[in-house]
Amino acid sequence: MTMSVPERNSGSEGKEEESEDESEILEESPCGRWQKRKEQISQGNVPGVESASLAMDTEEGVEVVWNEVLFNDRKVFKAQEEKIKEMFENLMQVEHPNIVKFHKYWLDMKESRARVIFITEYMSSGSLKQFLKKTKKNHKTMNVKAWKRWCTQILSALSYLHSCEPPIIHGNLTCDTIFIQHNGLIKIGSVWHRLFVNVFPEASVHGKVRPNRDEQRNLHFFSPEYGLAEDDYAIDIFSFGICALEMAVLEIQANGDAVVSKEAITNAGQSLEDPLMREFTQSCVRHEAKQRPTAHDLLFHRVLFEVHSLKLLAAHCLISNQYLLPENCVEEKTKSFDPNGLMAEIKHGNRPGVQLKYSHVSPLELDKFLEDVKNGIYPLMNFASSRPHPVPRALSLSHEQVETAKSPTPEPQEAESRKVIQMHCNLESNEEGTKTHLSLFLKMDDKLHRQLSCDILPTDSSKDLANELVHYAFISEEDCGKLAGFLEDALTRHKGKALASGITQ
């Protein structure tokens, strides 16, 4: 969701007051994991959200945002309950490194009113708008490489949303709903703005539900056709074009007017020295929606497109298959290399060749690069997705298309979202060869690792055993396929070795 960094008191006295008052625990989630604090956060333009507070994730030890939607009429809430549950279940399926994470939700019903509480990722470094203001205040200009990297990350997120079937339209992309972390990672928030507008009935919830376009300073982010026609990817592209322009010039001057005019936008675009950057931004803000390019097309624009280096491709391959590798394998491998050893050589017929030695690569820089790739700072933008995107059906349904719930449904089951980082398998046969003991260790990203073991008979099918172990592993659906293949391969190889040993004897 959209989150702005709260203004904190300066000085030691202010910090002490904050620690005493704002860190006070007001409420806990039913599972005890999330603890709501007193400190409020400005949520920006999120329909229906009555309040947003800082909270603590006691499992991960990080700050998150505790959001609340309050219903005045419990009967109205019951009528909408099934639709609301479906919406929040779908929100939990949206996962991309450049999109603010939606963690959890639950319902809280009292006699007179009802609440929907949901937990979202907290972007502690602030919004892109705040960063651009600070940069301008320090009389600095935007670095072109950083501009390209940020545009690529935003477009990667939009391309992900628009490629879902049916497409997910953001509908509220501004510099206030884009966040930047200290390592340069960009994330877009308020992704579910249009969905909230369609699902939450305006008369039954506190706070504004309709799009908050009356904020004059953000009107120029909205396309001419916004609200007049059916939602389309083109409204997001227009908003992105204004964001890209503001990133390049730091601020589009309103010249004393309450609203940024079309003339001011045109003048800002013309002020760009790079003709490719001018062409890029102008293509996004064309008046005719049909003439605007898609997010996927923009990733291939000459100003952004580049052939990925072998280094980046190898890094993505390593991160994608990390679960197959031993822990700290990169560190151990780099230690074993001779610094003066030859890593690669480029030979030329008529001139001296180029030699690349292991000493030319810093292990610390390599670790940082891999971490940045893992976090989503360098996405692979020129390839099709390796797996289908989740398709949150309700995200694209209008208020009229979704039927009103007639009866309450069972409480939603929590989907497993934790990832397997590494898999280790050990197989030991007894002396008679009548059975084999299997030990499986799964290293999880939440540090709550899993360890399974069982005895295997020679007649057992490798595929059946793999599928049975997957059933008891309690891991995500994506990791289930990887684990099944990993186990089947390990069991088949072990049986092959045992057979070979028996033939040799």
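Laboratory data are not the source of any read-out in this text; all were calculated from the coordinates shown. None of these values were measured; they are calculated from a predicted model. Note: ideal-geometry Cβ built from the backbone for every residue, glycine included; neighbour counts use all protein chains shown.
Some notes on this structure:
- Using the Cβ-Cβ distance between His360 and Thr266 with R0 set to 45 Å, the FRET efficiency works out to roughly 0.40.
- Ala52 long-range amide H proximity, modeled H, under 5 Å: Ile41
- The stretch 289-342: trypsin sites (Lys or Arg not before Pro) falling in loop per DSSP and having at most 14 other Cβ within 10 Å: Arg302
- In this simple spin-label model, placing a label point 7 Å from the Cα along the Cα-to-Cβ direction at both Lys136 and His424 gives a separation of 5.4 nm.
- Structure note, pairs Lys333/Lys374; Lys75/Lys101; Lys145/Lys419: Cα-Cα distances above 23 angstrom occur for Lys75/Lys101; Lys145/Lys419.
- Based on alpha-carbon atoms, the Kirkwood radius and the radius of gyration of the stretch 25-121 give Rg/Rh equal to 0.95.
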